[in-house]
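First up is the structure itself, then whatever we jot down about it.
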Amino acid sequence: MQLQDVLYSQGFGTRRVCAGLIQHGLVAIDGEVVLDAALNVQTQGLRFTVQGQPWDYHERAYVMLHKPAGTECSQKPSTWPSIYTLLPAPLRQRPQKGAVQGVQAVGRLDQDTTGLLLLTDDGQFIHRMGSPRHHVPKVYEVTVKHPLDDAQVQRLLQGVVLDDDPAPVAAAACEAVSPLHLRLTLTEGKYHQVKRMVAAVGNRVEALHRSRMGDLELPAELAPGQWRWLTPAEVESLMRRG
Ligand code: URA
């Protein structure tokens, strides 16, 4: 692929901007400045820098973000800063079918929820992960207001009725880790589902954190607000489920 097309595909601007970056000596491969925008390069495993910023070529972008509290999973947030401001510009500007599209969150977390959030530019992946048939278990660490009792845990496992659907929803797994800490696993993603389920059994969510999706655990070293690429094995494992 021509180097200018590589930069364009990775979200570094229009083709003309990308050619300009190269011609101005701002792009390097293996520490060597490349001035030929039309240079053919092998994309597999390609690592380059743009204005000193290192970038690994990814045909598709799959990333995880440690969502901090006080951020909205929306491109046009109403009250809180958008999670998208936590990502570097190329991830927000990756083109798709000729338009600037960028990565999109795979489902949403509430403004006050923290933890594991996936983002991608792969529409099929988003569709698949959101499909009710594709049961990716999501694990939530829930801090509750009132000490838990066994009856609450049992009701969450057996199923509770929420106000928008007469069919009960049940946790796939649920354990009281301590009197005020519930670990809850869900396979669907209804609106405010954890908060509404916990309210339905007479308790209240004080803090909510998503620690895992399928086999993918939020790494301890990924601080709130930080992101990293998913490995191909991690993407495959999420795709395989369901
Ligand atoms: N359930 C909720 O209530 N909120 C979230 O952010 C995620 C799951």
Quiz item: When the Karplus curve 6.51 cos²θ - 1.76 cosθ + 1.60 is applied with θ = phi - 60°, which whole-Hz ³J(HN,Hα) does each residue of segment 208-221 get, with x for Gly and Pro?
Solution: 9, 9, 8, 9, 7, 9, x, 7, 8, 9, 5, x, 4, 7
Practice problem: Excluding residues on the same chain fewer than 8 positions from Lys195, give the lysines whose Cα lies under 30 Å from its Cα. | Solution: Lys67, Lys76, Lys138, Lys145
Quiz item: Roughly speaking, what is the stretch gain from Ser237 to Asp110, that is 0.36 nm per residue apart minus the C-alpha to C-alpha distance, in nm to one decimal?
Solution: 43.2 nm
Quiz prompt | Alpha-carbon centroid distance for the pair segment 52-119 / segment 191-216, whole angstrom | solution = 22 Å
Practice problem: May I ask which residue of Pro219, Gln111, Leu39 lies farthest towards the positive end of the charge dipole of the chain, with charges of +1 (Lys, Arg) and -1 (Asp, Glu) on Cβ and the Cα centre as origin? | Solution: Gln111
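If you rank Arg240, Arg212, Arg47 by how much accessible surface each has, with a 1.4 Å probe, what is the order from largest down?
Listed by decreasing accessible area, they come as Arg240, Arg47, Arg212.
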Quiz prompt | Helix-only [θ]222 nm of the chain, DSSP H runs n ≥ 4, -39500 (n - 2.57) each, per residue, nearest 500 | solution = -6000 deg cm²/dmol
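Which percent of the accessible area of the chain is formed by carbon and sulfur heavy atoms (probe 1.4 angstrom)? Write down the numbers at each step before the final one.
Numbers: 6430 of 12600 Å².
Answer for the chain is 51 percent, counting heavy atoms of protein chains only.
Dipole size in debye (nearest 20) for the chain around its Cα centre, Lys and Arg Cβ +1, Asp and Glu Cβ -1? Can you show the working numbers first?
Numbers: 25 positive and 25 negative charges, 100 e Å.
The calculation lands at about 480 debye.
The values are calculated or read from the model by the stated rules, or taken from the named source; none is laboratory data. The structure displayed is predicted, hence computed values, not measured ones. All Cβ positions, glycine included, derive from the backbone under ideal geometry; neighbour counts span all protein chains shown. Note: accessible area is taken over every heavy atom of the protein model, side chains too, but ligands, DNA and RNA are not part of it. Shrake-Rupley method; radii C 1.70, N 1.55, O 1.52, S 1.80 Å.
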